[in-house]
1. What list of ³J(HN,Hα) couplings, whole Hz, do you get for the stretch 63-71 from phi and the Karplus terms 6.51, -1.76, 1.60, once you set θ to phi - 60° and write x for glycine and proline?
2. Scaled to the compact-protein estimate 2.2 N^0.38 Å, what is the alpha-carbon radius of gyration of the stretch 323-440, rounded to two decimal places?
3. Which one of LEU283, LEU195, LEU272 has the biggest mean-square fluctuation once the chain is modelled by GNM with Cα springs under 10 Å?
4. Could you tell me how many degrees, from 0 to 90 and to the nearest 10, lie between the Cα long axis of helix 108-119 and the main elongation axis, the longest principal axis, of the Cα atoms of the chain?
5. Which one, TYR287, GLN345, ASN268, is farthest towards the positive end of the dipole of the stretch 266-353 when Lys and Arg carry +1 and Asp and Glu -1 on their Cβ?
6. State the Cα centre-to-centre distance between the stretch 180-205 and the stretch 234-256 in whole Å.
7. Between the stretch 257-319 and the stretch 327-373, what is the separation of their alpha carbon centroids in Å?
8. What's the exposure ranking of CYS285, CYS54, going from fewest to most Cβ atoms within 10 Å?
Amino acid sequence: MRLLGAVLWSGWVVSSTVAASTAPCPEAFPVTPPTTLQARQQALADLTGLEESCRDRADFFAWQGTLLLLLQHPQEAANALEKALMLDPELAGAQLDYAQALAQLGERDAAKNLTLTVLGRPDIPQTLHDWLANQPGLLEEQGWQTSWTVQSMLGHETNFNSAPSSNLVTLTLLGGNVPVTLSQSMRPEAGFALLNTGAVEGVRQWADSQLTLEADVTDRTSQNHADSNLQWVDGLALWSHRLGEGSAGGQASTTRLWMGGQVLYEENTGKLFIDHPLSWSGLDCRYGTGGEYSLRDYPTDPVLNGIYTGMELGMGCQKGESMVTVTGMWGVDQPQSPIRLGGDQSRDDFSVTASHPLGPGMLILLGQWSRLSDQEAYSPLLGGVTRGIIRRGGRVEYDYPLNPHWTVLGYLDTLSQDSNLSLFTVSNQAIYFGLRWAGK
């Protein structure tokens, strides 16, 4: 259902007198919403600064809610449409849009009740009555909603095999320190690669709960560096349940990583979380916290296996099409084997993701910072010191939609890992361009 109030029954849009303000409220608002993404974004931007002068206008908030709903912001749309209905409870178009926003937020019982209320009105057109009566999306329980993406990119990397930046490592022997030159296979390999990804998502909603299932497969292939070809698979199941204004839930995920045909890494993780909405400086935000338990295995070198436990704090804010998410994690990776070098590892991880419309497309920025600290001396051959690692990473990406299904995209990645032990100092830069195909 796409904005029933605005499209199917435009006669319910109401105009009012103009409020006095430095930015006067328009006498009326459009009846039919724009059809293109850019026009919808511009129409929403045109409403900026009118909240005060239009504070008593139900049609202003109804129009604002219509645009937000079209731009896939159901929470903000619901807030605006609720204000419209507080000012004019009989505004049927806003009632229907509000029902759609509630349905997208998982409040299907409330959405159904609103739709039935409109159906019971004697003054609605018969064509709209008949149309609503045959909408399973509002009046019946929704089934699985699925989506998928296929992405193919060509690019270049400076360090396919994550090799140390230095060609030398200093070993501490009985006679003193001895510099040793690393073999050619332990040196960075640069070149071009093809990066292919496929992903699928299924979402099932109930009145107060939602189940999300995700899976994706990625393959990075380089003809000149077959030993460094990568494949990895991720799977996730996420259950969330409405808890007051917020939500709580759990997540189970798994990861498998292959390099050169061998399984290098396996991870199985469980998480519990709770989050809550927050309005801050005109932004719609959510903040939350959670705990994680993870089994991390290295099949080719089992002595490295560990059990990670930690906590996470996060906050995400959105305004229009722009979004920022900040996450911090703190935890300890304890060895499964008593002979793992370095013993317990304390880990701190921070990440920032931001997206903002730029021209017809979307600019996406990612930043990561991580710190790993061993609790015991790593190895007497490497000086008998406690190892410390700091990793910094960033990405700049631009997605340019050609149509609702096809997107051209490109990104630049950079990674820098520093350590007091040169064997663990690593850097890599990557640039990729390609196409994404998406559908539902």
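Quick note: the coordinates plus some simple rules give every number you see, no bench work behind them. This one's a predicted model, so the numbers in the text were calculated from it and none came from an experiment. A quick note on method: Cβ atoms are made from the backbone with ideal geometry, for glycine too, and the neighbour counts reach across all protein chains shown.
1. 5, 4, x, 4, 5, 4, 5, 5, 8
2. Numbers: Rg = 19.3 Å, N = 118, 2.2 N^0.38 = 13.5 Å.
For the stretch 323-440, the normalised Cα radius of gyration comes out at 1.43.
3. LEU283
4. Helix 108-119 sits roughly 20 degrees off the main axis of the chain.
5. Value computed over the given set: TYR287.
6. So the separation of the two Cα centres works out to 27 Å.
7. Result: 9 Å between the Cα centres.
8. Working: CYS285 17, CYS54 24.
By the 10 Å Cβ count, ascending: CYS285, CYS54.
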